[in-house]
């Protein structure tokens with residue numbers, strides 16, 4: 001991700017395959033267990049997952065806030081995002097669908113494009 005306000009790149013060598021835990025996921029090519037908690041259960045939401053990985057128990061839990069879908073705020077951006085993000089569901093990725101659910105990536109793409117759109121999308 002490299003949006004207008006943040007950048008995060010994490011490069012993990014292949015020698016760590018299947019050996020990571022925490023906020024970077026499990027690095028085992030199974031996205032269904034990336035939210036594995038220290039207790040061994042799998043969360044389905046990022047907020048409780050992150051709260052369980054706090055290093056200092058004295059820190060307060062982060063509470064979920066209601067986010068407004070940026071696509072609902074601007075229909076022009078929503079239409080442009082839909083056209084742009086549709087490639088994630090296209091035939092080019094057909095062979096990957098059994099391994100990675102494209103719907104999650106599609107929804108994230110829609111959110112990001114609508115939130116960051118300036119009317120000038122480049123493919």
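Just name the residue that is surrounded by the fewest Cβ atoms within 10 Å (Cβ to Cβ) out of those in segment 36-70 that are over 21 Å from residue 24 (Cβ atoms) and at pLDDT 90 or above.
58
Check residue 48 against each of (1) touching a helix residue (DSSP H, G or I) at 6+ places or on another chain (Cβ under 9 Å); (2) part of a helix (DSSP H, G or I) and name the one condition it does not meet.
(1)
In segment 71-80, which residues are at pLDDT 90 or above and farther than 14 Å from residue 112 by Cβ?
79
Could you say whether any residue in segment 81-99 is surrounded by 12 or more Cβ atoms within 10 Å (Cβ to Cβ), over 19 Å from the mean Cα position of the chain (by Cα), modelled with pLDDT under 90 and not assigned by TED's automatic domain parsing to the domain that holds residue 18?
No: zero hits.
Could you grab me the full set of residues in segment 1-45 that are touching a residue at least 40 places away in the same chain (Cβ under 8 Å) and either over 21 Å from residue 109 (Cβ atoms) or assigned to a loop (DSSP other than H, G, I, E, B) (or both)? Break it down into steps so the answer makes sense when it comes.
Residues of segment 1-45 touching a residue at least 40 places away in the same chain (Cβ under 8 Å): 1, 3-4, 29, 31.
Residues satisfying the conditions are 1, 3, 4, 29.
The values are calculated or read from the model by the stated rules, or taken from the named source; none is laboratory data. Since this is a predicted model, take the numbers as computed values, not measurements. All Cβ positions, even for glycine, are placed from backbone atoms using ideal geometry, and neighbour counts span all protein chains on display.
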